[in-house]
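Colleague: Below you'll find the structure I mean.
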Amino acid sequence: MKRMLTDLDLKGKRVLLRADLNVPLDDKGNITDDTRIYMELPTIRYILKQGAKLIICSHLGRPKGEFNQKYSMFPVAQQLIKYLINKIYFAVDVVGPDAMEKAKNLKEGEILLLENLRFHKEEELNDLYFAKKLASMADVYIDDAFGTIHRKHASIYRVAKLLPKNGMGFLMGKEINTITEAMENPKRPLVVVLGGAKVSDKIGVVKNLMEKADYVLIGGAMAFTFLKAKGYDVGKSIVDDESLGVAREILEKAEAEGKKIVLPIDVAATETYSPNASARCYDVDKIPSNLMGLDIGPKTIKLYKSIIKSGKTFIWNGPMGVFEFSNFSKGTEAIAKAIAKTGGFSIVGGGDSVAAVKLLRLENKFTHLSTGGGATLALLEGAELPGLEALTDVKEN
Ligand code: AMP
């Protein structure tokens, strides 16, 4: 277990907070959605309340290692001012004279927001000299940027190593602790539901979670790669041919070890990939060669619902079909509602499945909506997470 910010003495300390304030901007540089800023406020307020001097750093967009006014953090500073009564300073550089001077003069309860970390190519190169300069501004390091935890960047990895008085912010703590709890210590049965388009993105997740879960239900375009690997003719459905070999290996391993990977038994298919396409349902051994499957079918929905009903813990990532098209959203809707109805411990990750849950106004019925994208998948995959590895364990206290 990694330390939380609440385990650290922050009084009078200079605290460097690595946040994810990567907000979307319009052409004129206005913030179009400030959710990430708003979500960061509890961590910011907690640190300030302890009497710390707070230095915040983040990346914004992809400025490719050089200054670009379009990706300045200045609008973020202006937005923070709207939410906080504390004094907020903005540094026009990251580790330059302005940042250093303002960090040195910072008083308890004040905030300094640094310019975009990615204006320096050293950030993504995990450069030691750059990290040393960043770390020199602070006594304590808090990481709350869950979405970048799988990246070995200077502000995420090296700075944490250089500042061993470190811990997780509230957002990251919730992500790590909730997802880890579901994977490592679940109330059983643990039901994993995986969908979406790209098998290659999720193959590691299937491999890791099939060892831990009682059931892995597969849907989305992913399912067709597995069905083809089993020898079915899937017509014009999307198949990731490069992943066929691994899919076959996974199915063989699952069978040999008695793991329950469940594939669709029927699908909703159509001729063309279009929003108005009408759906016809076929058992998986009868998919016409000129059609493509865009959703799981009614028999599969019934099967998956009955398994979900018996579950106590759920991890769901990826829609069951092209839920953006009304005729192919039934599978995703049914799964979302079925998980919500159980009242179990439930985690949903991945932009599309989270969007589906929100569209159905079910967000309050899920235990946790993960924000991480690639970071969530890396955590579910059991991959090495530099940002987490670099943080200090609680027991080292
Ligand atoms: P991912 O980013 O891998 O979670 O994929 C999400 C996307 O997968 C969504 O935009 C869905 O429309 C798409 N998707 C899900 N099922 C299918 C399918 N059977 N065929 C094509 N696209 C699909």
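Colleague: Quick one: among Asp201, Asp127, Asp26, which has the greatest mean-square fluctuation in a GNM of the chain with alpha-carbon springs under 10 angstrom?
Modeller: Asp26
Colleague: Using a Gaussian network for the chain with springs between C-alpha atoms less than 10 Å apart, which of these wobbles most: Leu362, Leu54, Leu17?
Modeller: Leu362
Colleague: A further question follows. Given the chain, what percent of its DSSP beta bridges are antiparallel, to the nearest 5? Kindly include the intermediate steps, with their values, before the conclusion.
Modeller: On the way: 10 of 47 bridges.
The antiparallel fraction comes to roughly 20 percent.
Colleague: Report ³J(HN,Hα) in whole Hz for each residue of segment 93-101, in order, from the Karplus equation J = 6.51 cos²θ - 1.76 cosθ + 1.60 where θ = phi - 60°; Gly and Pro get x.
Modeller: My calculation for segment 93-101 gives 9, 9, 10, x, x, 5, 4, 4, 5 Hz in order.
Colleague: Using modelled backbone amide H atoms (1.01 Å from N, in-plane), which distant-in-sequence or interchain residues come within less than 5 Å of Leu294's amide H?
Modeller: Close amide H contacts, sequence-distant or interchain: Ala268, Ala269, Thr270.
Colleague: While we're on this one: Loop-only GluC sites (Glu not before Pro) in segment 235-285, please: DSSP not H, G, I, E or B, and at most 14 other Cβ atoms within 10 Å. It would help to have the intermediate numbers written out before the result.
Modeller: Working: sites: Glu242, Glu249, Glu252, Glu255, Glu257, Glu271; in loops: Glu271.
Answer in residue order: Glu271.
Colleague: Further, regarding this structure: Give me the mean projected area, in nm² to one decimal, of the convex hull enclosing the Cα positions of segment 1-63. The partial results should precede the final answer.
Modeller: On the way: hull surface 21.9 nm².
For segment 1-63, averaging the hull's shadow over all directions gives 5.5 nm².
Colleague: In the Gaussian network model of the chain, springs joining C-alpha atoms below 10 Å, which of Lys165, Lys253, Lys202 carries the largest mean-square fluctuation?
Modeller: Most flexible of the set in this elastic network: Lys253.
Colleague: Also: Using a probe radius of 1.4 Å on heavy atoms only, what accessible surface per residue do you get for the chain? Whole Å² is fine. Could the numbers behind the result be given before it?
Modeller: Working: 17860 Å² over 397 residues.
It amounts to 45 Å² per residue over the chain.
Colleague: Normalised by the number of residues in the chain, what is the relative contact order in percent for Cα pairs under 8 Å and 6+ residues apart?
Modeller: The value is 16 percent.
Colleague: Another question, then. What is the set of long-range amide H partners of Leu17 at a cut-off below 5 Å, with H atoms built 1.01 Å from backbone N?
Modeller: Under 5 Å from the amide H of Leu17 lie the amide H atoms of Ile55, Ile56, Cys57, Ile142, each far enough along the sequence or on another chain.
Colleague: How large a share of the accessible area of segment 5-171, in percent, is made up of carbon and sulfur atoms when the probe is 1.4 Å and the other protein chains stay in place? List each step's numbers first, then the result.
Modeller: Working: 3840 of 7570 Å².
Roughly 51 percent, rounded to a whole number.
Colleague: Expressed as a rounded percentage, what relative contact order does segment 83-212 have, with Cα pairs under 8 Å and six or more residues apart? Could you put the intermediate results ahead of the total?
Modeller: Values: 133 pairs, mean separation 23.0, N = 130.
After rounding, I find 18 percent.
Colleague: Per the Kirkwood treatment, what hydrodynamic radius in Å, one decimal, follows for the chain from the mean inverse distance over all distinct Cα pairs? Mind showing how you got there, number by number?
Modeller: On the way: mean 1/r = 0.0444 Å⁻¹.
Computed over the chain, the radius equals 22.5 Å.
Colleague: Would you kindly derive the ³J(HN,Hα) couplings of segment 14-22 from the backbone phi angles with the Karplus curve 6.51 cos²θ - 1.76 cosθ + 1.60 (θ = phi - 60°), listing them in order in whole Hz, with x for Gly and Pro?
Modeller: 8, 10, 9, 9, 8, 10, 10, 10, 7
The values are calculated or read from the model by the stated rules, or taken from the named source; none is laboratory data. Bear in mind that the values here come from a model prediction, so they are computed numbers and not experimental data. With ideal geometry, Cβ positions are generated from the backbone for all residues, glycine too; neighbour counts draw on all protein chains shown. Just the protein is used for accessible areas: all its heavy atoms, side chains included, with ligands, DNA and RNA removed. Shrake-Rupley method; radii C 1.70, N 1.55, O 1.52, S 1.80 Å.
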